[in-house]
Every structure is written in C-alpha cells, then in structure tokens.
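**Student:** Following this message is one structure expressed as structure tokens.
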Amino acid sequence: MLEMSAQILETLLLIRKVDEKLIELYPTDKIKSPVHLSIGQEGAAIAALPLSKEDAVFGSYRSHALYVAKGGDLKRFFAEMMGKATGCCGGKGGSMHICDPEAGVMGTSAIVASTIPVAVGWAYANKLKKKNNVALVFLGDGATDEGTFYESINFAVSRSAPVIFLCENNRYAIHSHIKDRSRVSNISERIKGMDILSIQGSSLDPEDLYNGIQGYVEGVREEIFGIGPLFVEVDTYRLYEHVGIKTDWHKGYRKESEARKWIENDPLRLFDSKELPMWLEVMKQRVENKIEEAVKFAEESPFPEKVELYKDLW
Amino acid sequence: MNNENEKIVSYGEAINLAISSKMDLDKSIYILGQGADDPTSAAGPLQGLKERFTDRIMDVPMAEESIAGICVGMAMNGLRPINWHIRMDFLLLAMNQIINMASKIKYMYGGRMTCPVSFRAMIGKSWGQGPQHSQSLYPQFINIPGLKVYAPAIPFDAEASYVSMLEEGVPALMIEHRLLYYQKGIVPTDYLPFVKDATRVLRRGRHITLVGVSQMAIECLRASKILQSVGIEAEVITPVVLKPLDIIPISASVIETGNLLFVDNSWMFGSLGAETISTLHENRISFNSARMGFAETVCPTSPTLEDAFYPNPVSIAYKVCELLDVPYLIPELKTKYEKEEIEFKGPF
C-alpha cells in the first residue's frame with residue numbers, strides 16, 4: 001500500500017475529505033443539493049489522474065471523486081454545492097451536474113448512462129480533428145443495464161474512437177443488486193465479443209488502475225492501438241447510502257459484513273494512525289487547508305441574482 | 001423568369017443548397033443518420049452530398065439515442081453535427097439526448113459549454129404511412145426551453161432556416177415534411193438567406209387570418225383559392241420558427257381581420273394553435289377563432305380513413321365559412337379544387 005505514489009494518495013485523501021466535509025456541513029443546511037457521495041469508491045477516480053487538461057472526463061450524478069481527481073476547481077465546487085453564483089455551474093447545476101471545462105471535466109448528468117454516448121461523440125470529434133486526446137466516461141454498473149451502453153461501445157469500436165468506458169461496479173443500482181438485474185454480474189464477461197480492449201481492476205489498488213490507464217493514454221498519444229476504445233471494470237463498493245450522508249445498513253438490502261473487505265483494505269486507513277510520519281501529516285494538513293479555503297470562499301460568495309434565471313438558456 | 005438573381009428550386013433542392021453551401025464554408029459540419037449516405041433513402045435533400053463531402057456524410061448504426069448523444073458530444077467538442085431522422089416518429093427514441101442533454105447543456109453547466117447540435121426530422125403523410133410513420137410531434141418539442149424548433153413550409157424558408165440554424169449554433173430541431181419536398185419556389189442565387197421573418201405572411205387578405213403549420217400552410221393556401229371563389233380573402237401565415245414563436249405578424253393580422261383559423265399540423269390538444277390563441281387573448285385582442293388539426297385518434301393507413309384524419313383545403317374552407325358565419329356560402333364553394341402545385345414567389 002505504501003508503494004502508492006504520493007500524488008495518488010493525496011488525491012484519494014482529498015476526495016474523501018471533500019465528501020466528509022459535505023457530511024459535516026449537511027446538517028447546517030448550507031448544502032443546497034442532493035449529494036451522492038463517492039466514499040469507498042475513491043480509488044476508481046484515480047483513472048482520471050494520468051489524463052491531461054485537454055483530455056475530457058464525463059460522469060454521472062456520483063461524480064465528486066472524478067471532479068476532484070481531474071483537477072476541478074475546489075472553490076467553485078463547494079460554491080455550487082451551496083447554490084452560489086460563483087459555483088462551477090453558477091448555481092444552476094448542483095451536485096449532479098458539476099463541471100469544469102477548464103480542467104476537462106466536461107459534464108456530469110443525473111440521467112443514468114446519458115453521458116456515455118456524449119463521451120464517445122467527444123472522443124470521435126477528436127479523432128476527426130486528428131487530435132490525440134481521450135475521453136474518459138465513468139459509469140456505474142446500473143448504466144450497463146441501459147441499451148446506450150452497448151450501442152456506444154459498438155460505435156466507438158467500429159469507428160475507433162479514443163474513449164475509455166470506466167465502469168465502477170459497486171453491485172448496486174440504488175438498492176437493486178446486479179444479480180437481480182442480470183445473469184452475468186461480471187460486465188467484462190458480458191461485453192466479450194464486442195471486440196473492445198478490456199481490463200479489470202479494483203478501487204483498492206488505484207496504482208494498478210493508474211498504470212493501466214496511463215498505458216492506454218500513451219498508446220493513444222502515439223496511436224499504438226489505432227485509437228480504439230478501452231473498457232475498464234473497477235470492482236468497488238459504496239459505503240454510504242445511494243443519496244445522502246448516512247450509511248444505510250438498516251435498510252436491509254445489503255449486509256454490513258459485505259463492506260468488511262472494503263473497510264479493512266481501505267488505502268486511507270493509513271491516516272488513522274495517531275502518529276503519522278511527517279510527510280503524511282504535511283499532506284493531511286495541506287488537504288484540509290485546501291478544503292477550508294474552498295468552503296470559506298463558498299460561504300462568502302453571494303447567491304445568484306434573480307436575473308440569472310433566464311441567462312444562458314440559448 | 002427575368003431576375004437573374006433568383007431561381008426556382010424545390011423545397012428539397014433548397015435544403016440541399018443550404019447544407020452544401022454551408023458545408024463548403026464550414027468544415028466542422030457533419031451529417032449523421034441512418035441512410036444519410038444513401039441518396040434515395042434520405043428522401044432527396046442529401047443527393048450528391050456523399051460524393052462531394054465523402055466522410056462528412058455518415059451512415060450510422062440503428063441506435064437513435066446513442067447517435068443523438070454522440071452528436072451532442074461532437075457538438076460540445078467544436079463540431080457542427082446534423083443528426084438526420086427519416087421519420088419524426090423515430091425521434092422518440094432519441095428524446096433523452098435531445099431534451100435531457102442537448103437542450104440543457106449550456107444552462108445547467110452555467111453557460112460554460114455550448115452544444116450546437118442540429119436534429120433533422122421528416123414528417124410522413126399519405127401512401128399509407130399509418131400510425132408510426134406520420135406523427136408530427138412538434139407540440140412535444142416546443143414545450144422544451146432551450147431547443148429551437150424550425151418548421152419551414154416553402155423553399156426560401158427551408159434554405160434560410162438551414163443557414164440560420166448552422167450559423168446560430170444553438171440546439172435546434174428542423175422539422176420537414178415529406179409532401180413539401182417537391183413544392184417549388186424562388187430562392188436567391190447571389191446570397192445565402194437567413195431567417196429574417198420567423199413568422200411569414202404567405203398571402204394577403206382582409207377577411208380572415210389562416211395560420212398553417214408546415215404542410216398545412218400549403219393546404220391553407222389551397223383553401224384560400226377556394227374561398228376566393230366566393231369573395232372571401234384569406235390572409236395566410238406560417239410560422240417558420242415554432243419556438244421561440246414570433247407572434248407579432250399573427251397578432252397584426254388578427255387585429256385587421258378579427259378572425260383566426262389556426263390549422264395545426266398535429267393533434268390540437270396542447271398544440272401551437274391553443275398556445276397562439278391563448279397568447280392573443282392574453283394580449284387583449286378581440287377576435288373570433290377556431291382550430292383544426294389531426295383527428296383526435298391514431299393515423300390510419302387506409303386512404304378513406306386517412307382522408308378523414310387530416311384537414312384538407314375543402315374542410316378548411318368550410319370551417320372558414322362557419323367561423324365567418326356565412327354557412328350559406330358553403331354550397332357555392334368551388335369544392336372541385338384542382339391539386340395544382342403552388343409556386344412561391346418573392347419578394348422575401
């Protein structure tokens with residue numbers, strides 16, 4: 001675990017602390033948006049780290065992690081959560097629509113699977129413009145129930161679009177287990193025969209995921225793979241409820257024992273130690289300061305003026 | 001024809017002219033659609049484009065939602081895709097991307113991204129199009145903020161609508177009609193027109209305002225000829241842009257005539273006729289009004305039933321006589337109307 005690079009570890013910590021800050025703030029009613037927390041799934045977002053600003057990421061309503069990993073502006077993130085004018089969507093999107101085009105976070109959506117073909121189109125446009133940039137779309141296992149998932153892979157393969165389909169398989173679509181939704185729970189298995197390059201990893205091993213993505217991105221830059229797409233299945237687990245800031249073991253749709261493996265092997269347990277080595281202590285404080293600064297910015301920002309209601313419709 | 005700055009083309013040729021001229025000027029325009037590279041299945045307007053623009057005219061898999069989404073992504077990344085659907089009915093499979101994504105991207109991302117994507121769909125009619133090849137679903141689309149909806153009825157406006165749509169770069173839906181493709185009219189040869197009049201007056205008249213949407217504009221013009229035989233002069237108007245609607249030419253006309261018959265090219269419930277008449281009333285204009293549209297049932301295939309399903313020039317003329325309270329003129333109407341082709345002459 002300690003072999004993990006400092007960059008990966010710090011990103012994981014930042015993602016976790018951002019969501020924990022939302023939990024802390026939620027009872028104050030400062031957060032004006034439903035939140036779908038990434039806690040437990042941070043490792044999957046590390047896939048965004050090897051990308052450059054010119055590469056794009058897309059996601060679903062559970063996208064705090066990818067926003068942070070891709071370098072989305074933290075101040076504007078918290079401002080958006082609070083519905084402020086300075087938010088990353090000017091207060092018009094909220095948690096489910098965060099974006100930061102300057103950092104390559106090109107959009108997240110509240111409709112399951114709806115950013116999958118959009119990411120393919122984005123990547124395909126790069127191919128048509130002869131640009132060696134990739135699009136990375138995060139999707140849940142629930143999204144693989146949708147027809148557009150398979151249609152999008154089919155198009156990306158047949159046109160060799162440089163897009164990474166990253167499936168965070170956390171087993172649950174809200175409360176429905178994947179076994180109740182499909183005979184084949186392993187999605188890589190399910191798409192065999194679609195002629196797509198495919199790898200599997202775990203959010204408990206983000207270093208491995210980082211290396212896999214980096215290898216692919218280098219390939220795209222050098223056109224080694226003929227710029228075809230990549231499918232990545234990341235085994236992962238959501239520790240909190242589908243939407244909201246609490247755990248939900250009491251709901252009975254899943255057992256707490258199921259989470260044991262994920263809690264015990266959580267890379268961030270490193271920080272539980274009372275006596276942190278100095279470099280980790282520095283990292284922790286840096287992350288906390290960044291978040292405090294962002295929250296302060298958000299709290300001091302104004303709400304949007306009413307005239308904003310009609311702005312940017314066309 | 002004595003003006004060398006004009007020529008007569010069909011509606012289909014006008015679309016072809018606009019798209020090919022814009023594609024020459026703007027290398028970011030692509031056309032994606034099922035059969036887009038097949039000159040016969042795309043029903044004419046794309047003829048010759050595959051040879052000219054090769055890879056920018058793309059046939060695509062049968063995956064409406066995903067192809068619409070792919071076009072959204074291409075548009076967000078600086079291209080100008082036009083997503084073609086050979087029947088409006090097929091758009092229902094792409095609704096999620098058109099309404100949940102394309103129409104909302106600029107707004108929900110705080111104005112930081114744009115989505116200059118165009119959707120193009122054709123309404124079918126006659127020859128047994130039946131329940132699923134005849135729908136004209138613009139009432140569904142004009143209800144959506146952020147989506148511009150065009151429904152040009154004449155060649156000049158078809159060309160102008162394409163030019164405007166491709167220049168403006170807002171998410172838009174272009175509604176065409178199968179029966180309009182062969183209608184002829186004048187287009188300019190020395191410049192590319194854009195939409196100056198979002199609502200067009202096609203014919204002047206002082207007794208009644210007839211508003212027809214898409215192909216119903218042609219049926220209204222035919223009705224106006226029938227009405228002329230009993231001395232009723234109808235003003236015929238068609239909205240080129242359905243959303244946002246420019247209601248001013250309609251209000252101006254209704255103020256003059258005091259009578260409005262709105263002929264929707266769709267079912268009437270919750271459609272543009274209802275919307276227009278309410279808005280005029282809210283503006284305190286006093287007038288008599290009536291509406292026509294598709295029969296409140298599924299479009300049948302058999303010609304005898306289909307004839308009863310659509311308003312036609314004769315039924316429109318009858319309705320006008322009822323609205324003007326001159327039912328005694330009905331027997332006088334020259335109901336044996338000849339289905340002549342109507343040519344549109346300027347000035348525009």
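**Student:** Just how large is the dipole of chain A about the Cα centre, in debye to the nearest 20, putting +1 at every Lys and Arg Cβ and -1 at every Asp and Glu Cβ?
**Tutor:** I would put it at about 660 debye.
**Student:** Sticking with this one: On a 0 to 90° scale, report how tilted helix B:155-168 is relative to the longest principal axis of chain B, with both axes built from alpha carbons and the result rounded to the nearest 10.
**Tutor:** 40 degrees
**Student:** Given the Cα-Cα distance of B:SER126 and B:ILE8 and 0.36 nm per residue of separation, how much length would full extension add, in nm? Don't jump to the answer; show the numbers that get you there.
**Tutor:** On the way: separation 118, 0.36 × 118 = 42.48 nm, distance 2.57 nm.
Using 0.36 nm per residue and subtracting the Cα-Cα distance, I get 39.9 nm.
**Student:** Let me ask you something else. Please compute the net charge surrounding A:LEU139, taking Lys and Arg as +1 and Asp and Glu as -1 over other residues with Cβ under 11 Å from its Cβ.
**Tutor:** -4
**Student:** Which whole number in µm²/s is D for the protein assembly as shown by Stokes-Einstein, with the Kirkwood Rh taken over Cα pairs at 10 °C and 1.306 mPa s?
**Tutor:** 58 µm²/s
**Student:** Check A:LEU136: other-chain or 5+ apart residues with amide H under 5 Å from its amide H, H built from backbone geometry?
**Tutor:** A:ALA56, A:VAL57, A:PHE58, A:ILE164
**Student:** What are the extents of the Cα atoms of region A:74-176 along their three principal axes, listed from largest to smallest and rounded to whole Å?
**Tutor:** 43, 40, 17
**Student:** OK, next. Using the Kyte-Doolittle scale, find the helices of chain A whose mean hydropathy is at least -1.0 and whose Cα atoms extend 30 Å or more along the helix's long axis, counting only whole DSSP H runs.
**Tutor:** Numbers: long enough: A:278-300 (33 Å, -0.61).
Span-like helices, by this rule, are A:278-300.
**Student:** May I pose another question? Positive end of the charge dipole of the protein assembly as shown (Lys, Arg +1 and Asp, Glu -1 on Cβ, about the Cα centre): tell me which of B:ALA153, A:THR236, B:SER315 has its Cα farthest that way.
**Tutor:** Ranked along the dipole, the leading option is B:SER315.
**Student:** Is the shape of chain B best called rounded, prolate or oblate, per the rule: a/c under 1.5 gives rounded, else a/b larger than b/c gives prolate, else oblate, with a ≥ b ≥ c the square roots of the Cα gyration tensor eigenvalues?
**Tutor:** prolate
**Student:** Between A:SER160 and A:GLU305, how high is the FRET efficiency from 1/(1 + (r/R0)^6) when r is the Cβ-Cβ distance and R₀ = 60 Å? Nearest 0.05.
**Tutor:** My answer for the efficiency is 0.80.
**Student:** Taking a temperature of 10 °C and a viscosity of 1.306 mPa s, what whole-number D in µm²/s does Stokes-Einstein yield for region B:58-196 with Rh from Kirkwood over alpha carbon pairs?
**Tutor:** It comes out at roughly 102 µm²/s.
**Student:** Averaged over every viewing direction, what's the projected area of the C-alpha convex hull for region B:162-249? Give it in nm², one decimal, please. Could the numbers behind the result be given before it?
**Tutor:** Details: hull surface 27.1 nm².
Its average projected convex-hull area is 6.8 nm².
**Student:** In addition: By its C-alpha gyration tensor, with a ≥ b ≥ c as the square roots of the eigenvalues, how is region A:156-314 shaped: rounded for a/c under 1.5, else prolate for a/b larger than b/c, else oblate?
**Tutor:** It comes out rounded by the Cα gyration axes.
**Student:** List the lysines whose Cα lies under 26 Å from the Cα of A:LYS251, skipping any in the same chain that are fewer than 8 positions away.
**Tutor:** In chain and number order, the partners are A:LYS17, A:LYS21, A:LYS32, A:LYS179, A:LYS261.
**Student:** In which sequence would B:MET76, A:MET194, B:MET101, A:MET4 go, from the one with the fewest C-beta neighbours within 10 Å to the one with the most?
**Tutor:** A:MET194, A:MET4, B:MET101, B:MET76
**Student:** Give the long-range amide H neighbours of B:SER266: residues separated by 5 or more places, or on another chain, with amide H under 5 Å away, using H modelled in the peptide plane at 1.01 Å from N.
**Tutor:** So B:SER266 has HN proximity to B:PHE294.
**Student:** While we're on this one: To the nearest 20 Debye, how big is the dipole of chain B about its Cα centre, given +1 on the beta carbon of each Lys and Arg and -1 on that of each Asp and Glu?
**Tutor:** Its charge dipole is roughly 420 debye.
**Student:** Another question, if that's okay. Where nothing but the Cβ of Lys and Arg (+1) and of Asp and Glu (-1) is charged, how large is the charge dipole of region A:261-314 around its Cα centre, in debye to the nearest 20?
**Tutor:** Numbers: 9 positive and 13 negative charges, 31 e Å.
About 140 debye.
**Student:** For every helix of n ≥ 4 consecutive DSSP H residues, a contribution of -39,500 (n - 2.57) applies; sum these over the protein assembly as shown, divide by its total residues, and give [θ] at 222 nm rounded to the nearest 500 deg cm²/dmol.
**Tutor:** -10000 deg cm²/dmol
**Student:** Which log10 I(q)/I(0) values, to two decimals, does region A:174-253 give at q = 0.20, 0.21, 0.22 Å⁻¹ under the Debye formula with one point per Cα?
**Tutor:** These q points yield log10 I(q)/I(0) values of -1.01, -1.05, -1.09.
**Student:** Can you list the lysines whose alpha carbon sits under 17 Å from that of B:LYS319, skipping same-chain ones fewer than 8 residues off?
**Tutor:** Cross-link targets: B:LYS225, B:LYS334, B:LYS336.
**Student:** Sticking with this one: Going by a ≥ b ≥ c, the root eigenvalues of the Cα gyration tensor, does region B:182-306 fall in the rounded group (a/c under 1.5), the prolate group (a/b larger than b/c) or the oblate group?
**Tutor:** Here region B:182-306 falls in the rounded category.
Every read-out reported here was derived from the displayed coordinates using simple, explicitly stated rules and does not represent laboratory data. Not measured: the values here are computed from a predicted model. When we count neighbours, we look across all protein chains shown, and the Cβ atoms used for this are built from the backbone with ideal geometry, even at glycine.
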